[in-house]
Amino acid sequence: MSLTDSVVYQIYPKSFRDSSGDGVGDLRGIIEKVDYIASLGVDHVWFNPFFPSPGRDNGYDVSDYCAIDPAMGTMEDFEELVAALGEHGIGVMLDMVLNHTSTEHKWFQRALAGDPVYQDYYYLLPPKEDGSLPTNWVSKFGGPAWAPFGDTGLYYLCLYDRTQADLNWHNPAVRAEAAGVVNFWRAKGVKDFRFDVINVIGKPLPLQDAPTGTDDRRMYTDGPLVHDYLRELCAASFGQDPEAMTVGEMSSTTVEACAGYSNPANGELSMVFSFHHLKVDYADGAKWTRIPYDFAALKRIIDEWATGMQAGGGWNALFWNNHDQPRAIDRFADPEHYHAESATMLATVIHLLRGTPYVYMGEEIGMTDPAYLSIEDYVDVEARNAYNELTAGGMGAQEAFAIVHSKARDNARTPMQWNAEAPGAGFTSGTPWLRPTNQQTVNVEREEAQGRILPYYRRLIALRKELPIISRGAYAPYLMEHEDVLAYTREHDDSCLMVLCSFRGHDTEVPVPEAFASARILIGNYDGNDRIRSSDELPPVADRLEAGTIRLRPYEAIALLA
Ligand code: NOJ
């Protein structure tokens, strides 16, 4: 298994499987489902944080990096999970939230108690002379990015929730602690790591106001020190293991910076997550808005990252979904009328691209956003804050709810739907912490018996391992001007792959170049073209061609191999 042919499955532990009946997922629940995970053919599982945490940001506010949250299980459970996955050759990827700690972490508590050693672990600053906050930065969850540090008169930096205090990575002791945390988990057999919002650890000093009218994120994102600190962390921890696989979550970043973070020559990370392609339904860049998504922009951004990262020797993590995003099937396709076609078309786009695909739990059975009717159904601090801000700004409750409903992170955090049972969907025998709403029609049991999505995912995952053109082929854009179809080619040795994916609920025509006239259909989401066939049994595309064009049906995806 190598970086290029690997596929990662992402599990949000709180929502995967609850073995205890308390309504919250746990490690023993995941152990019960190891065979299912292995059946997908994935090579790594990324777990969202399950460390002790007050849970203000669902585990991204860590109060102890080297322990297991008792609500999730014990260290023995964790070791058993690593071993059980290991038996199937599946590696464990842990989520390292090292930009900030919970304010309940002992480092912060010692700082608050006056210990100067720990005070230097955080950014503590006095107000400006005029009494205003140290900088004009805003928190990503709303409000200012500074909060009072006890009764000292100082403020601490918190780019996320007030209970998530940014760590001062300029302090070598903090960097040593970070490497220590990674090494603690390496000693437990963990090889792979995801680094949360890692491109904000190198904040240029002194921390300064963003000039009026400019984006404050530019004042602390992708500073040159990020590269230095990543290289140092790599050398002091995961970089000592040639098999380690790492991914950095890059917030508000650029292709250039990311090619640098992930170019193997630089000794930083294996790959990066970027998010620009998931902002194409933000009005003027603002998340809490509701507009139809911009398909042309989606195509442009996917191409920009595929082309730019290839040119810069970098490597993308490929994904549509994660625990922070509403379900892509609701955003970019039509689950109501074309459920299986929508899910499999979106999967085709990602899985045949250059990069490492990530499958977020439930995506492989076509899980959708829940049909919630009230803000009370949402738990997430970000969604609640957004709703309150929108209504406080004068927006009607109905409109504010519609916006939150379209963008909330909880949309992806509803429990994994294992079967049609209510209320627990086979996730829990108790009351689920977040309510599923369509388990009668969308669930693993049903997909295994008669579904089209799960087998398609398994086939796509297997193809990446079978064909070097998928894992290593060169990418090129195709049909950038086409209004309905996202298309690209891959090339390797003397073979060529063409991927055509329709994002429309109506038929659309696509020109196919002469070089592909005698190509075969490697995989497609209509006509049983997801079946496993030997290469000489693949159906010829010629049967679908008319005067050099192919007519794609609603949300059809097809890959041609020449
Ligand atoms: C990104 C994580 O994915 C998100 O869930 C979290 O709220 C922020 N980082 C802060 O840690």
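Here are a few things to note about the model shown:
- Under 5 Å between amide hydrogens, built in the peptide plane, is the criterion, and for residue 122 it picks out 168 among residues at least 5 positions away or on other chains.
- Compared with the alpha-carbon gap, the fully stretched path from residue 231 to residue 543 is longer by 107.0 nm at 0.36 nm per residue.
- Check: region 106-166 dipole with +1 on Lys, Arg Cβ and -1 on Asp, Glu Cβ, in debye: 200
- Spin-label model distance (nm) - residue 214 vs residue 284, 7 Å beyond Cα toward Cβ: 2.0
- Here each label is just a point 7 Å from Cα along the line to Cβ, and for residue 188 and residue 336 those points are 4.5 nm apart.
- Between residue 509 and residue 109, the simple spin-label model (points 7 angstrom out along Cα→Cβ) gives 7.1 nm.
- Karplus-derived HN-Hα couplings along region 302-317 (A = 6.51, B = -1.76, C = 1.60, θ = phi - 60°), whole Hz, x at Gly and Pro: 4, 5, 4, 6, 5, 5, x, 6, 4, 5, x, x, x, 9, 8, 7
- With 32 Å as the limit, the listed pairs 128/407; 33/191; 203/279 have 128/407 beyond it between alpha carbons.
- Taking GluC sites (Glu not before Pro) in DSSP loop states with no more than 12 other Cβ atoms inside 10 Å as exposed sites, the chain has its longest site-free stretch at 337-480.
- Residue-averaged [θ]222 nm for the chain, counting only DSSP H segments that reach four residues, each worth -39500 (n - 2.57): -8000 deg cm²/dmol
- Residues of region 300-317 with amide N under 18 Å of a point placed 7 Å along Cα→Cβ from residue 476: 303-312
- Fully extending the segment from residue 291 to residue 371, taken as 0.36 nm per residue of separation minus the present Cα-Cα distance, adds 26.9 nm.
- Amide proton proximity set for residue 356, modelled H, under 5 Å, gap of 5+: 316, 317, 318
- Estimated vicinal HN-Hα couplings, Hz - region 91-106 in sequence order (Karplus 6.51, -1.76, 1.60; Gly, Pro = x): x, 9, 10, 9, 8, 9, 9, 9, 7, 8, 10, 5, 6, 8, 4, 5
- Using θ = phi - 60° and Karplus 6.51 cos²θ - 1.76 cosθ + 1.60, couplings along region 319-325 (whole Hz; Gly, Pro as x): 7, 10, 10, 7, 6, 10, 10
- Calculated accessible area for the chain comes out at 37 Å² per residue, all protein chains present (probe 1.4 Å; ligands, DNA, RNA ignored).
- For residue 248, the residues whose modelled amide H falls within less than 5 Å of its own, excluding neighbours fewer than 5 places apart on the same chain, are 195, 271, 272, 273.
The values are calculated or read from the model by the stated rules, or taken from the named source; none is laboratory data. Because the structure is a prediction, the values reported are computed rather than measured. In this analysis, Cβ positions are derived from the backbone assuming ideal geometry, glycine residues included, and neighbour counts consider all displayed protein chains. In case anyone asks, the SASA skips ligands and DNA or RNA and just uses the protein heavy atoms, side chains included. Shrake-Rupley method; radii C 1.70, N 1.55, O 1.52, S 1.80 Å.
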